[in-house]
1. On the full set of protein chains, 1.4 Å probe, figure out the accessible area of Arg12 and give it in Å² to the nearest 10.
2. Give the accessible surface of the range 1-77 per residue, rounded to a whole number of Å², with probe radius 1.4 Å and ligands, DNA and RNA excluded.
Amino acid sequence: MKRTLPCRDCRRPILWTITEAGRRLAVDPDPDPAGNAACWRDGTGAWRSRRPSADLPLCGWERLHMPHIATCPDRIEQLALPIGVASLDARRRKKRP
Ligand SMILES: [Zn+2]
């Protein structure tokens, strides 16, 4: 079982992972092949995540998850997305008709 916590913004369940840089990254708990976070559980039961690359593609024990910041309905409204996921709506809003 995955231990999830409700998102502070939208209250949906999210899975907290630790990135290779030691940062916390919230991802959606269900694997998503369109996601860009490769997640696995380490020996201590902690969820880890990393960005797959050409040198280190997805391993057999990893699953792709979508970072929650890319799907959180509240965050998408508030923040510029820092993970390379372009928000088309935000871009359209900036353009003048
Ligand atoms: Zn959320």
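1. 120 Å²
2. Averaged over the residues of the range 1-77, the accessible area is 65 Å².
The values are calculated or read from the model by the stated rules, or taken from the named source; none is laboratory data. This is a predicted model, so every value here is computed, not measured. Quick note on the areas: whole protein, heavy atoms, side chains included, nothing else; ligands and nucleic acids left out. Shrake-Rupley method; radii C 1.70, N 1.55, O 1.52, S 1.80 Å.
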